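A short write-up of the structure that comes next.
The values are calculated or read from the model by the stated rules, or taken from the named source; none is laboratory data. Just so we're clear, the structure is a prediction, and the values are computed from it rather than from any experiment. Here Cβ is always computed from backbone atoms with ideal geometry, including for glycine, and neighbour counts include all displayed protein chains. To get the accessible areas, we keep the full protein, side chains included, count just its heavy atoms, and leave off ligands, DNA and RNA. Shrake-Rupley method; radii C 1.70, N 1.55, O 1.52, S 1.80 Å.
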Amino acid sequence: VGMNMGKLFGTSGVRGIVNEFLTPEIALKVGMATASVSKAIKALVARDTRVTGPLIEEALIAGLEACGVNTCKIGVIPTPVLAYLTKTLVADVGFMITASHNPPQYNGIKIFDGDSLSYTDELQNAVEKRIAEGNFELADWRAIGETTVSDETHRYLNLVKTAAKPKKNWRV
């Protein structure tokens with residue numbers, strides 16, 4: 001199936017019904033294309049609680065590894081936390097697998113740069129172009145990326161504790 005330019009990325013990354021629009025093949029290609037465009041060495045991948053999250057996550061990571069990117073899976077966290085951790089943990093790129101408010105059959109991939117910012121239209125277009133052309137910078141088999149798993153929730157909780165200073169003690 002040929003991909004039309006400008007149809008892959010919307011306002012919040014790639015988003016659609018899983019296995020209708022957002023297939024593992026698309027997630028794989030997003031990983032390979034983003035790695036090729038960004039020349040990333042380290043990536044973070046997080047997801048929300050959707051049933052399809054692990055499927056999309058594994059395909060995305062396979063694409064990153066194929067291009068030599070070392071990936072850290074940081075589990076289920078909110079999107080702003082992934083953005084924050086991408087910068088804090090000095091990653092080149094961060095991926096959030098979520099479709100936010102959409103129904104459960106949807107999922108998506110939102111990309112952040114090393115400064116916690118969403119990928120610009122320019123970068124998203126470059127990723128789309130790579131996918132459309134099938135132009136991926138695959139690593140030699142000796143240089144494929146490795147994946148680690150790390151629970152980074154404590155960093156977020158510490159941030160919240162230092163940022164929020166209630167004037168009285170609340171009991172929940």
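Data overview
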item: Within the range 120-165, considering residues that are closer than 18 Å to Gly75 by Cβ and either among the basic types (Lys, Arg) or in a loop (DSSP other than H, G, I, E, B) (or both), the one modelled with the lowest pLDDT; result: Arg155
item: Hits in the range 51-82 - residues which are part of a helix (DSSP H, G or I) and open to solvent by less than 10 Å² (accessible area, probe 1.4 Å); result: Gly53, Ile56, Glu57, Leu60, Ile61, Gly63, Leu64, Val81, Leu82
item: The range 7-28 residues that are buried (at least 17 other Cβ atoms within 10 Å of the Cβ), paired with ones that are of a type in the set (Lys, Arg) and in a loop (DSSP other than H, G, I, E, B) (beta carbon under 9 Å, 6 or more apart); result: Val18/Arg50
item: Looking only at the range 131-160, and only at residues there that are aromatic (Phe, Trp, Tyr) and open to solvent by less than 80 Å² (accessible area, probe 1.4 Å), the one that is farthest from Ala46 (Cα to Cα); result: Phe136
item: Boolean, Ala43 is hydrophobic (A, V, I, L, M, F, W, C), under 13 Å from the mean Cα position of the chain (by Cα) and either open to solvent by less than 10 Å² (accessible area, probe 1.4 Å) or at pLDDT below 95 (or both); result: yes
item: Hits in the range 110-130 (condition: polar (S, T, N, Q) and open to solvent by 60 Å² or more (accessible area, probe 1.4 Å)); result: Thr120, Asn125
item: Pair list, Cβ under 6 Å, 6 or more apart: the range 138-155 residue under 13 Å from Asn70 (Cα atoms), other residue of a type outside the set (Lys, Arg) and part of a loop (DSSP other than H, G, I, E, B); result: Ala139/Cys67; Ala139/Gly68; Ala143/Gly68; Gly145/Gly68; Gly145/Val69
